[in-house]
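Engineer: Next up is a structure, given as structure tokens.
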Amino acid sequence: MPRGPKTTEWFERARKVMVHGVSSGFRYWGEHDTPVVAAGKGAHIWDMDGRRYIDYQLGFGPVILGHGDEYVVERVCRAASQGTVFALTQQIEVEAAEKVMSALKWPAAMRFTNTGTEATMHAIRLARGWGARDLILKFEGAYHGAHDYVLYSTAGAPAAHLGSRLRPVPWQASSGIPDSIRTFIATLPYNDTELVEEFFDDHGHELAAVIVEPMAGNFLGVLPEPGFLETLRRLCDENEVVLIFDEVKTGFRLGLGGAVEAFGVVPDLATYAKAMGNGFPVAAIALSEKMVEGWAMGGITQAGTYSGNSVAAAAALATIERLEEGDAYDRIEKAGTALMAGIRAILDERGYPGCVVGHPAMFSVFFGEGTPREYRDLVRHDARVYNATIMAMIDRGVMPCPDAREPWFICAAHSEEDVTRTLEVFSDAFDETLARAGSLRSVGEDE
Ligand SMILES: Cc1ncc(COP(=O)(O)O)c(C=O)c1O
């Protein structure tokens, strides 16, 4: 991706003050490719050279209404001008919590946190405290944040390091995690009901919780097969295990009620973040009645200086109001459906083996044979062709994430014109990539 001179200059400035020039490792595209953004509005962002991109990263999913949504920004500014944190419960926090609860419908209570990582960390502690057990089951390819207990077999895992499908080996995604933490985590392939049943036969009595992204938002947006979430619910009930839905990506994105509403299975705990605040840092843990009762008995710590601050609360309140009252979900469905169908048609026209996976609000393009149903299927995904296609799209002003596992996110501000332009650009970029196949370089590789 040829960066303009000003963007390059700003990346050099960034590198002098921030490690690799970024504040989060996932934003680093390598020395030659990492962009720097000046501003965003609606579905568009601009780099430091003033080049405009139609944005499908949307901050890795939070931006559901569009960048800089005026209604949300105005409410946030008003709230901030009246103070942000008081070491006390505040009015707007109560109003926002009422709004979250009425949107989600199923929980008995909730608490705010600031990030998805914080929410899953607290949810896991709560589950362990509630059941007085330590073992957590997660699914391969899922990402539940950057804390030690969940950085296993995430979407960076090389398939060869995952062990046998029947008895997977949790793959540690980072240095700096004590080896002993591995003993508290078990991993299984997503969507394999039979393997989960076998696992529960052997280990159900040891398990504190199952944590699952109800739709696999960190590998392609693979959907749960009928019966998968229902089986998790049944096995957790039978074994007194806490079922945690990590709705950080799906919450307020698949609809107001998130994955619970979309798939009709109710967890014991769920974590929300991203689309709940249209890009402002706000997150929450939602609890069923039995978890509220367990927590109320005391002895389980949850805390956060900034949790429920007025900026976060105002962002959630205003975002959910806009989602409830406007036509945001209709617009997202229309744009997402048109893009999914258009990309499918382009692949079919060329007779290329691939498919479009997911939901109109969050979908991926899979370059390989068959339909992926679990993380291990990504070995069939031609990540090089995908990555080169996306980089050629970025050159032409359309920006999905170059990471082949990360879904395209749609917001209410994506217009018909954006969709038409995106399909033209995808078609050109894909043809250019196929013509160059054999001499491809990936993002981050030196020229
Ligand atoms: C499903 C899921 N859970 C948790 C997280 C962590 O959220 P955060 O980056 O806000 O800490 C993410 C982030 O992408 C996520 O996708």
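Engineer: Under a Cβ-Cβ cut-off of 15 Å, what is the net charge of the residues other than Asp134 that fall near it, where Lys and Arg count +1 and Asp and Glu count -1? Each step should come with its number before you reach the end.
Structural biologist: Numbers: positive: Arg125, Arg128, Arg133, Lys138, Arg182; negative: Asp148, Glu206, Glu240.
Charge balance in the 15 Å sphere: +2.
Engineer: Return the loop-located trypsin sites (Lys or Arg not before Pro) in segment 1-100 (DSSP other than H, G, I, E, B) with at most 11 other Cβ atoms within 10 Å of their own Cβ; answer none if there are none.
Structural biologist: Values: sites: Arg3, Lys6, Arg13, Arg15, Lys16, Arg27, Lys41, Arg51, Arg52, Arg75, Arg78, Lys99; in loops: Arg3, Arg51.
In loop regions of segment 1-100 (DSSP not H, G, I, E or B), there are no sparsely surrounded trypsin sites (Lys or Arg not before Pro).
Engineer: Mind sorting Asp201, Asp246, Asp69 by how few other Cβ atoms lie within 10 Å of their own Cβ, fewest first? Working shown, then result.
Structural biologist: On the way: Asp201 11, Asp246 30, Asp69 25.
Going from least to most buried by this count: Asp201, Asp69, Asp246.
Engineer: Run the simple label-point estimate for Asp134 and Ser174 please: 7 Å along Cα→C-beta, distance reported in nm.
Structural biologist: That separation, rounded to one decimal, is 2.1 nm.
Engineer: Regarding the chain, what whole-number volume in Å³ per residue does the convex hull of its Cα atoms give?
Structural biologist: Numbers: hull volume 65.4 nm³, N = 447.
About 146 Å³ per residue, rounded to a whole number.
Engineer: Please give the Cα centre distance for segment 193-268 versus segment 21-81, rounded to the nearest Å.
Structural biologist: Going from one Cα centre to the other spans 31 Å.
Engineer: If every alpha-carbon in segment 70-325 counts as one equal scatterer, what log10 I(q)/I(0) does Debye give at q = 0.10, 0.17, 0.18 1/Å?
Structural biologist: Summing over Cα pairs of segment 70-325 leads to -0.47, -1.29, -1.41.
Engineer: What is the projected area of the convex hull of the Cα atoms of segment 1-49, averaged over all directions, in nm²? Show your work: numbers first, answer last.
Structural biologist: Details: hull surface 14.2 nm².
Taking a quarter of the hull surface, the average projection is 3.6 nm².
Engineer: Another question, then. Once every Cα of segment 343-424 carries one equal point scatterer and solvent is ignored, give the base-10 log of I(q)/I(0) from the Debye formula at q = 0.18, 0.19, 0.20, 0.26 Å⁻¹, two decimals.
Structural biologist: For segment 343-424, the Cα-only Debye profile gives -0.80, -0.89, -0.99, -1.58.
Engineer: Could you tell me which trypsin sites (Lys or Arg not before Pro) in segment 102-198 are loop residues by DSSP with no more than 15 other beta carbons within 10 angstrom of their beta carbon?
Structural biologist: Working: sites: Lys105, Arg111, Arg125, Arg128, Arg133, Lys138, Arg165, Arg182; in loops: Lys105, Arg133, Arg165.
Of the trypsin sites (Lys or Arg not before Pro), the ones in loops of segment 102-198 whose Cβ has at most 15 other Cβ atoms within 10 Å are Lys105, Arg165.
Engineer: Within segment 373-429, which GluC sites (Glu not before Pro) sit in a loop by DSSP and count at most 14 neighbouring Cβ atoms inside 10 Å?
Structural biologist: On the way: sites: Glu374, Glu416, Glu417, Glu424; in loops: Glu374.
Filter output for segment 373-429: empty list.
Engineer: Over 32 Å between C-alpha atoms is what I'm after, so list which of Lys6/Lys334; Lys16/Lys138; Lys41/Lys138; Lys105/Lys334; Lys6/Lys138 land there. Intermediate values should be presented prior to the final figure.
Structural biologist: On the way: Lys6/Lys334 36 Å; Lys16/Lys138 38 Å; Lys41/Lys138 37 Å; Lys105/Lys334 25 Å; Lys6/Lys138 43 Å.
Going by Cα-Cα distance, Lys6/Lys334; Lys16/Lys138; Lys41/Lys138; Lys6/Lys138 fall outside the 32 Å limit.
Coordinate-derived values only; no laboratory data. Since this is a predicted model, take the numbers as computed values, not measurements. Every residue, glycine as well, gets a Cβ built from its backbone with ideal geometry; the counts of neighbours run over all protein chains shown.
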